[in-house]
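The block underneath contains the structure these notes are about, expressed in structure tokens.
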Amino acid sequence: MYTVENILNRIEFLRKKMTEVAMEKGFTNIESVHISQELDLLLNLYEEVKGKSKSDMKD
């Protein structure tokens, strides 16, 4: 199970990694693109988890 803290830690790690790879190999490099895609998925997951925790507070 993902916790908000775990997701945020992974997001921060991937942001740094993506910047490093993109600066070294280019933004369109396949590795940069893969990291970007994983980051997108995690950002969506974070929004979903964050939304669920807000709705749980209302109940």
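The values are calculated or read from the model by the stated rules, or taken from the named source; none is laboratory data. Please read all numbers here as calculations on a predicted model, not as lab measurements. Neighbour counts run over all protein chains shown; Cβ positions are idealised from the backbone, glycine included. Accessible surface is based on the protein model in full, side chains and every heavy atom, while ligands, DNA and RNA are left aside. Shrake-Rupley method; radii C 1.70, N 1.55, O 1.52, S 1.80 Å.
Taking the C-alpha atoms only, the angle from helix 4-25 to the longest principal axis of the chain is near 10 degrees.
Evaluate the charge dipole of the chain about its Cα centre and quote only its size in Debye, nearest 20, assuming +1 on the Cβ of each Lys and Arg and -1 on the Cβ of each Asp and Glu. Result for the chain is approximately 100 debye, rounded to the nearest 20.
Computing the accessible area with a 1.4 Å probe over protein heavy atoms, can you report the carbon and sulfur percentage for the chain? Using a 1.4 Å probe with all protein chains present, the chain comes out at 56 percent carbon and sulfur. Taking only C-alpha pairs under 8 Å that are 6+ residues apart, what is the relative contact order of the chain in percent? Over the chain, the number comes to 38 percent. Angle of helix 30-58 to the longest C-alpha principal axis of the chain, folded into 0 to 90 degrees and rounded to 10: 10°.
For the chain, the solvent-accessible area works out to 81 Å² per residue, with a probe of 1.4 Å and every protein chain left in place. Counting only residues at least eight positions apart within a chain, or on another chain, the aspartates and glutamates with an alpha carbon under 19 Å from that of Lys16 are Glu5, Glu24, Glu31, Glu38, Asp40. Peptides 26-36, 44-54 ranked from most to least packed give 26-36, 44-54, packing being the mean of other C-beta atoms within 10 angstrom over each peptide's residues.
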